[in-house]
1. With a 10 Å Cβ neighbour count serving as the proxy for reagent exposure, in which order, fewest first, do 53, 62 appear?
2. How do 54, 37 rank when sorted from fewest to most other Cβ atoms within 10 Å of their own Cβ?
3. Rank the residues 82, 55 as a footprinting-exposure proxy: fewest other Cβ atoms within 10 Å of their Cβ go first.
């Protein structure tokens with residue numbers, strides 16, 4: 001039969017001496033940049049939908065994929081990693 005180990009405290013939180021608090025890692029500026037990034041992505045999908053009437057629409061074929069790649073691969077990661085300037 002296995003040992004009963006429920007009597008032992010596990011980690012710091014179980015000892016009762018310190019509570020773990022959660023802080024939000026993202027600031028207000030990062031949320032604004034994420035919202036702008038989502039706007040860029042929505043713009044890309046709107047441009048992509050302009051090609052519904054004809055397949056050779058340059059906005060849907062050329063511009064929309066570039067805007068979507070910029071939104072997903074540049075704007076969102078930049079918004080997440082943004083730290084801003086430190087006040088001295």
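Laboratory data are not the source of any read-out in this text; all were calculated from the coordinates shown. This one's a predicted model, so the numbers in the text were calculated from it and none came from an experiment. In this analysis, Cβ positions are derived from the backbone assuming ideal geometry, glycine residues included, and neighbour counts consider all displayed protein chains.
1. On the way: 53 7, 62 10.
The fewest-first ordering by Cβ neighbours comes to 53, 62.
2. Working: 54 9, 37 20.
Placing the least packed residue first, the sequence is 54, 37.
3. On the way: 82 14, 55 8.
So the residues, fewest neighbours to most, are 55, 82.
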